[in-house]
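What follows is one structure encoded as C-alpha cells, with my remarks underneath.
The values are calculated or read from the model by the stated rules, or taken from the named source; none is laboratory data. Keep in mind that this is a model prediction, so the values were computed, not measured. Glycine gets a Cβ as well: all are built from the backbone with ideal geometry, and neighbour counts include every protein chain shown.
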Amino acid sequence: MSKWELTVVENAGEIPASKVKDEIAVETRPLLIDIKAQLMLMPKTLVYTVGWRALVWQNKETGQFKDITDKEHDEYIRTGTINLTPTDGTDGTETEPANGDKGSTEIGDTTSP
C-alpha cells in the first residue's frame, strides 16, 4: 500500500464586491510565491479560479430570492451565521432564478464542488 494519497490543495481569498469597480485584477506573483512556499514545487495542474458568491434568502415555494437585511448581514459578519428568520415584508430585492439553477455550493463552503 502506497504512503501517497491524491488530494486537492487550495488557498483562496476574497475581494468584497463593493471594492471592485470595472474589472478584477489580481497579481499572479503573490499567488506563485504562496504556491511555491506551501508545496515546494510548481504543479503541472495549476489553475486559477474566479467566481462569485452571495448570501441571500430563497423562498422554498416560489424559488424567489431576497437579500439579507443590514441587521442579518451584521450578524453574519460577527458570528458567521444568521439565526434570525426572514420576515415576509418587502425588505430586500426579490427576483426569479435566471435559469432555475440554485448553484452548486453553499455559503461558507470554501471548496469547489
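Computed quantities for the displayed model
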| quantity | calculated |
| --- | --- |
| Complete set of residues in region 16-41 that are loosely packed, with under 10 Cβ neighbours inside 10 Å and either among the aliphatic types (A, V, I, L, M) or free of Cβ contacts under 8 Å to residues at least 12 places away in the same chain (or both) | Pro16, Ser18, Lys19, Lys21, Asp22, Glu23, Ala25, Glu27, Arg29, Ala37, Met40, Leu41 |
| Subset of region 28-67 (residues that are out of contact with any helix residue (DSSP H, G or I) (no Cβ under 8 Å at 6 or more places or on another chain), over 18 Å from Glu10 (Cβ atoms), in a loop (DSSP other than H, G, I, E, B) and not hydroxyl-bearing (Ser, Thr, Tyr)) | Ala54, Asn59, Lys60, Glu61, Gly63, Gln64 |
| All positions within region 59-100 that are acidic (Asp, Glu) and either modelled with pLDDT under 90 or surrounded by fewer than 11 Cβ atoms within 10 Å (Cβ to Cβ) (or both) | Glu61, Asp70, Asp88, Asp91, Glu94, Glu96 |
